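The values are calculated or read from the model by the stated rules, or taken from the named source; none is laboratory data. Please read all numbers here as calculations on a predicted model, not as lab measurements. Neighbour counts are summed over all protein chains in view; Cβ atoms, including those assigned to glycine, are modelled from backbone coordinates with ideal geometry.
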Amino acid sequence: MLKVKDIERIPVDCTMTEFVGTTVLDTIGLVIPGVTPALQEQMNLSTSYPSLGLISSRTGAAGQINAVDEAVKSTNTEVVSIELPRDTKGWGGHGNFIIIGGENVSDVRRAVEIALEYTGKYAGELYISEAGHLEFTFSANAGQALNMAFNAPVGKAFGFFCGSPAAIGLVMADLAVKSSPVEIIKYMTPDKGTSHSNEVIVAVTGDASAVKNAVLTARETGLKLLISLGSYPETPSVPYLR
Amino acid sequence: MLKVKDIERIPVDCTMTEFVGTTVLDTIGLVIPGVTPALQEQMNLSTSYPSLGLISSRTGAAGQINAVDEAVKSTNTEVVSIELPRDTKGWGGHGNFIIIGGENVSDVRRAVEIALEYTGKYAGELYISEAGHLEFTFSANAGQALNMAFNAPVGKAFGFFCGSPAAIGLVMADLAVKSSPVEIIKYMTPDKGTSHSNEVIVAVTGDASAVKNAVLTARETGLKLLISLGSYPETPSVPYLR
Amino acid sequence: MLKVKDIERIPVDCTMTEFVGTTVLDTIGLVIPGVTPALQEQMNLSTSYPSLGLISSRTGAAGQINAVDEAVKSTNTEVVSIELPRDTKGWGGHGNFIIIGGENVSDVRRAVEIALEYTGKYAGELYISEAGHLEFTFSANAGQALNMAFNAPVGKAFGFFCGSPAAIGLVMADLAVKSSPVEIIKYMTPDKGTSHSNEVIVAVTGDASAVKNAVLTARETGLKLLISLGSYPETPSVPYLR
């Protein structure tokens, strides 16, 4: 029988060939070198690839999708599935479960490594207080992952802002869109497009400086409103947008 | 770049014109004086109003909807959207995101102020233990918000009871409905009508004293069963139903 | 008015006739001797029975469904509803709400007692760390509950494995199915079949020793990957599969 002491002998430094790495926000990166056909059939992916790379987190969505966007832009791989569970470890948002496909395992492994690295960076624009959370992301040049998740026009600038409790996200969006000539490409609420998360999420496109400006306006607004609920947010990394 | 010390300079006393106030259950009240047209188009509200008032909480549903019901009854405003995210800060229920519309911003601001005030009172019938939660609400005279959320007949008495884990809610409902000549107007479970919350929710209408009696029976039942799981519940306010 | 001190006078040892018992994972077992017709009509169960037994937990799904499977096999009762709320007390999975029907209250009470007893045992294959969780269950002889929940062929062996964050569940499934000649009967992900949980769930059938072997492979894989996220899991009971 499995004993607690057997479990405690399992090393934290995983040596399985499927293991790539972990990073902030309970994010794990894995590969499946050749997915077993019976499972592949059930998965019903947009395109079948022999090798799969996996990014999966308890908390965060836009940052990791943006990180995977960078990963597929610089490797011979493609995103084949993005799912956003209702998670965030007791908070009001999403986690993520992203599958990358490639013809060979070294390509998808490299893509997962890049995605983990960028997740560490992009997590700097996730703010979590005792009351709620805010998430922001920006790309000067959206790729296939941001297109699949948010209808971002490929090759154009992309901005994302999200606030919880949801009303904060709506006021952020109103002031952001008023501040800059951007186009709304996605609008999500607890009942629309989310997994019933307590968020309003807006994604925008347009000229890069306008998009960046909209995101910064949303961030300033969101921080003021989130802090009005009585506690200061922390970020798992370092803010990088300016 | 945004520094942690910049965040810490943001005052808790928010001075934005959009800010109205906060109260228990991570509830924030906001206004959007003139919603930007590109955003309004995405929102697809039941009626278009130039000014919007927002009530949004991490925890609680019936209490806040009842509070908004009072607010729209006494102001020249109308509820245009009620959404119930799967939230409660790690517990098994809902938060809320409610939008009020009005022709001018002073009306919706007043409505949000009233809703915040009643939220503080109605939160007294929310009970949260280490194992689960119970929520109750009662109105002698349901208005437009309770009608929109729960099909409550306008002008008649309305009662609501909810228990988590879900089985507690079902036994509460059975004994409440047996105890009083009330009519069930809403029945919600994890797979039916909720955002996959761990609750059974029942709303009733009828003669005011019968409805009140049903709610009190549900409360007595729910408290006994919730406490059987080994811990005593707390309420963020003061119980007010008797 | 209800006072806090009134609540504190309610005994933890519940004396209501509806109360059967409680066990790990915030699980409560209840009976409704004769469900009130107005409520029964709303419930829309697969079969109408005068007496209902209820099992309801904040955390866990497969273990409790397997426990109820044992209960209905050895009593004159039948499962009439299985719902899986998005719960787990802040973690990425499900709770459960299961209704058992019977012709008389002593039958359903006995079924609930048996289900509570087996829940205590089967909870030994639920592993919860600071990062995520794993759940396993095995039956040599699936009955009506496992059939209703997972399409398990009645009378055949049944195995279940689930991992969170979701990517862990997918790698567990791939290696488990590669290790043993089993047939996949259910594949669930955040967007498919779950209540937006952060899990990949796979259920299998086949020869008993092959199914058992697949579950053990999944468990070994899942523990290694979950621990790679930096913390060791605990189980609310004692591991029992070997």
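Considering only the range C:31-44, how many residues are more than 20 Å from C:Val79 (Cβ to Cβ) and part of a loop (DSSP other than H, G, I, E, B)?
Counting residues in the range C:31-44 that are more than 20 Å from C:Val79 (Cβ to Cβ) and part of a loop (DSSP other than H, G, I, E, B) gives 1.
Quick check: is even one residue across the range A:51-65 of a type outside the set (Lys, Arg) and surrounded by fewer than 24 Cβ atoms within 10 Å (Cβ to Cβ)?
Yes, some residue in the range A:51-65 is of a type outside the set (Lys, Arg) and surrounded by fewer than 24 Cβ atoms within 10 Å (Cβ to Cβ).
Would you pick out the residues in the range B:67-86 that are in a strand (DSSP E or B) and either in contact with a Leu (Cβ under 9 Å, 6 or more places away or on another chain) or touching a residue at least 60 places away in the same chain (Cβ under 8 Å) (or both)?
Initially, the range B:67-86 is screened for residues in a strand (DSSP E or B), giving B:77-83, B:86.
Result: B:Glu78, B:Val79, B:Val80, B:Ser81, B:Ile82, B:Arg86.
From (1) over 25 Å from C:Ser129 (Cβ atoms); (2) modelled with pLDDT of 95 or more; (3) surrounded by fewer than 24 Cβ atoms within 10 Å (Cβ to Cβ); (4) touching a Ser or Thr at 6+ places or on another chain (Cβ under 7 Å), pick out the condition that doesn't hold for A:Asn76.
Result: A:Asn76 passes all but (4).
Do the conditions hold for A:Ile28, that is, is it touching a Pro at 6+ places or on another chain (Cβ under 7 Å), closer than 30 Å to C:Leu216 by Cβ and not in a loop (DSSP other than H, G, I, E, B)? Give the steps one after another, and end with the answer.
Values: touching a Pro at 6+ places or on another chain (Cβ under 7 Å): yes; closer than 30 Å to C:Leu216 by Cβ: yes; not in a loop (DSSP other than H, G, I, E, B): yes.
Yes: the conditions hold for A:Ile28.
If you take the residues of the range C:100-113 that are outside any helix (DSSP H, G or I) and in contact with a helix residue (DSSP H, G or I) (Cβ under 8 Å, 6 or more places away or on another chain), which of them is farthest from the other protein chains (Cβ to nearest Cβ)?
Of the residues in the range C:100-113, the ones outside any helix (DSSP H, G or I) are C:100-104.
Going one step further and asking which of them are in contact with a helix residue (DSSP H, G or I) (Cβ under 8 Å, 6 or more places away or on another chain), we end up with C:100-102.
Working: C:Ile100: 11, C:Gly101: 13, C:Gly102: 16 Å.
Top of the filtered list is C:Gly102.
Which residues, taken from the range A:228-238, are among the aliphatic types (A, V, I, L, M) and surrounded by fewer than 18 Cβ atoms within 10 Å (Cβ to Cβ)? Reasoning before the result, please.
We begin by selecting, within the range A:228-238, every residue among the aliphatic types (A, V, I, L, M); these are A:229, A:238.
Within the range A:228-238, A:Val238 is the sole residue that qualifies.
Can you go through C:Met1, C:Met16 and tell me which one is at pLDDT 95 or above and at the interface with chain B (Cβ under 7 Å from one of its Cβ atoms)?
On the way: C:Met1 fails: at pLDDT 95 or above.
Testing whether each residue is at pLDDT 95 or above and at the interface with chain B (Cβ under 7 Å from one of its Cβ atoms) leaves just C:Met16.
Considering only the range A:65-97, state which residues are under 23 Å from A:Val238 (Cβ atoms) and β-branched (Val, Ile, Thr).
A:Ile65, A:Val68, A:Thr88
Do we find that B:Leu25 is under 28 Å from A:Glu125 (Cα atoms), not acidic (Asp, Glu) and not assigned by TED's automatic domain parsing to the domain that holds B:Ala157 in this structure? Steps first, please.
Working: under 28 Å from A:Glu125 (Cα atoms): yes; not acidic (Asp, Glu): yes; not assigned by TED's automatic domain parsing to the domain that holds B:Ala157: yes.
In short, yes.
All but one of (1) within 29 Å of A:Pro239 (Cβ to Cβ); (2) in contact with a strand residue (DSSP E or B) (Cβ under 8 Å, 6 or more places away or on another chain); (3) at the interface with chain C (Cβ under 9 Å from one of its Cβ atoms) hold for A:Ala62; state the number of the condition that does not hold.
Going through (1) within 29 Å of A:Pro239 (Cβ to Cβ); (2) in contact with a strand residue (DSSP E or B) (Cβ under 8 Å, 6 or more places away or on another chain); (3) at the interface with chain C (Cβ under 9 Å from one of its Cβ atoms) one by one, A:Ala62 breaks only (3).
Within the range A:92-103, work out how many residues are under 16 Å from A:Val24 (Cα atoms) and over 15 Å from the mean Cα position of the chain (by Cα).
Summing the residues that are under 16 Å from A:Val24 (Cα atoms) and over 15 Å from the mean Cα position of the chain (by Cα) in the range A:92-103 gives 0.
Let's see how each residue does on (1) under 23 Å from B:Phe161 (Cβ atoms); (2) in contact with an Asp or Glu (Cβ under 9 Å, 6 or more places away or on another chain); (3) of a type in the set (Val, Ile, Thr):
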position: B:Thr27; (1), (2), (3): yes, no, yes
position: B:Pro50; (1), (2), (3): no, yes, no
position: B:Gly53; (1), (2), (3): no, yes, no
position: B:Thr59; (1), (2), (3): yes, yes, yes
position: B:Ile65; (1), (2), (3): yes, no, yes
position: B:Asp69; (1), (2), (3): yes, no, no
position: B:Thr75; (1), (2), (3): no, yes, yes
position: B:Lys89; (1), (2), (3): yes, yes, no
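How many of the residues making up the range B:174-210 are closer than 30 Å to A:Pro85 by Cβ and of a type in the set (Gly, Ala, Ser)?
First, the residues of the range B:174-210 that are closer than 30 Å to A:Pro85 by Cβ: B:186-203.
Okay, now just the ones that are also of a type in the set (Gly, Ala, Ser), so B:193, B:195, B:197, B:203.
Number of matching residues: 4.
List every residue pair whose Cβ atoms sit under 7 Å apart, with the two residues 6 or more apart in sequence or on different chains, where the first one lies in the range A:87-99 and is away from chain B (no Cβ under 14 Å) and the second, anywhere, is modelled with pLDDT under 95 and surrounded by fewer than 24 Cβ atoms within 10 Å (Cβ to Cβ).
Listed by first residue and then by second, the contacts come to A:Ile99/A:Leu45.
Could you check, for the range A:178-191, whether at least one of its residues is without any contact (Cβ under 8 Å) to a residue 60 or more places away in the chain, crowded, with 24+ Cβ neighbours inside 10 Å and among the acidic types (Asp, Glu)?
no
Of the residues that sit in the range A:22-44 and are over 15 Å from A:Gly101 (Cα atoms) and within 7 Å of another protein chain (Cβ to nearest Cβ), which one is surrounded by the most Cβ atoms within 10 Å (Cβ to Cβ)? Walk me through how you get there before you give the answer.
Let us first name the residues in the range A:22-44 that are over 15 Å from A:Gly101 (Cα atoms), namely A:22-28, A:38, A:42.
So of that shortlist, the ones also within 7 Å of another protein chain (Cβ to nearest Cβ) come out as A:22, A:26, A:28, A:38, A:42.
Working: A:Thr22: 22, A:Asp26: 25, A:Ile28: 29, A:Ala38: 17, A:Gln42: 17.
The qualifying residue surrounded by the most Cβ atoms within 10 Å (Cβ to Cβ) is A:Ile28.
Would you point out which residue out of B:Leu54, B:Leu39 is touching a Gly at 6+ places or on another chain (Cβ under 9 Å), among the aliphatic types (A, V, I, L, M) and either under 23 Å from B:Asp107 (Cα atoms) or not assigned by TED's automatic domain parsing to the domain that holds B:Leu116 (or both)?
B:Leu54
Looking only at the range C:105-114, decide whether some residue is within 29 Å of B:Gly90 (Cα to Cα) and outside the structural domain of C:Val20 (by TED's automatic domain parsing). Walk me through how you get there before you give the answer.
Within the range C:105-114, the first condition is being within 29 Å of B:Gly90 (Cα to Cα), and the residues that meet it are C:112-113.
In the following step, the residues that additionally are outside the structural domain of C:Val20 (by TED's automatic domain parsing) were identified as none.
Within the range C:105-114 (the criterion being within 29 Å of B:Gly90 (Cα to Cα) and outside the structural domain of C:Val20 (by TED's automatic domain parsing)), the answer is no, since none of the residues qualifies.
From the list B:Gly230, B:Gly206, pick out the single residue that is facing chain C (nearest Cβ under 7 Å) and on the phi > 0 side of the Ramachandran plot.
On the way: B:Gly206 fails: facing chain C (nearest Cβ under 7 Å).
Sole residue among the options that is facing chain C (nearest Cβ under 7 Å) and on the phi > 0 side of the Ramachandran plot: B:Gly230.
Looking at the range B:193-203, which of the residues that are part of a strand (DSSP E or B) and facing another protein chain (nearest Cβ under 8 Å) is surrounded by the fewest Cβ atoms within 10 Å (Cβ to Cβ)? Walk me through how you get there before you give the answer.
Initial filter on the range B:193-203 (part of a strand (DSSP E or B)): B:193, B:200-203.
With the extra rule that they be facing another protein chain (nearest Cβ under 8 Å), the set shrinks to B:200, B:202.
Working: B:Val200: 31, B:Val202: 29.
That would be B:Val202.
Taking only the range B:216-227 into account, find how many residues are surrounded by 24 or more Cβ atoms within 10 Å (Cβ to Cβ) and away from every other protein chain (no Cβ under 11 Å).
Counting residues in the range B:216-227 that are surrounded by 24 or more Cβ atoms within 10 Å (Cβ to Cβ) and away from every other protein chain (no Cβ under 11 Å) gives 1.
Filter the range C:151-176 down to residues that are within 13 Å of another protein chain (Cβ to nearest Cβ) and surrounded by fewer than 24 Cβ atoms within 10 Å (Cβ to Cβ) and give me whichever is nearest to the chain's Cα centre (by Cα).
Only one residue tops the list, namely C:Asn151.
Do we have any residue at all in the range C:132-147 that's touching a strand residue (DSSP E or B) at 6+ places or on another chain (Cβ under 6 Å) and farther than 21 Å from C:Thr119 by Cα?
No, the range C:132-147 contains no residue that is touching a strand residue (DSSP E or B) at 6+ places or on another chain (Cβ under 6 Å) and farther than 21 Å from C:Thr119 by Cα.
Quick test of your reading of the structure: B:Ile7 fulfils all but one of (1) modelled with pLDDT under 95; (2) under 26 Å from A:His94 (Cα atoms); (3) more than 7 Å from chain A (Cβ to nearest Cβ). Name the failing condition by number.
Unmet for B:Ile7, out of (1) modelled with pLDDT under 95; (2) under 26 Å from A:His94 (Cα atoms); (3) more than 7 Å from chain A (Cβ to nearest Cβ): (3).
Go over the candidates B:Thr22, B:Thr47, B:Thr59 one by one and state the one that is within 27 Å of A:Ile128 (Cβ to Cβ), assigned to a loop (DSSP other than H, G, I, E, B) and of a type outside the set (A, V, I, L, M). Lay out the reasoning, then the answer.
Values: B:Thr22 fails: assigned to a loop (DSSP other than H, G, I, E, B); B:Thr47 fails: within 27 Å of A:Ile128 (Cβ to Cβ).
Just a single option satisfies the conditions, and that option is B:Thr59.
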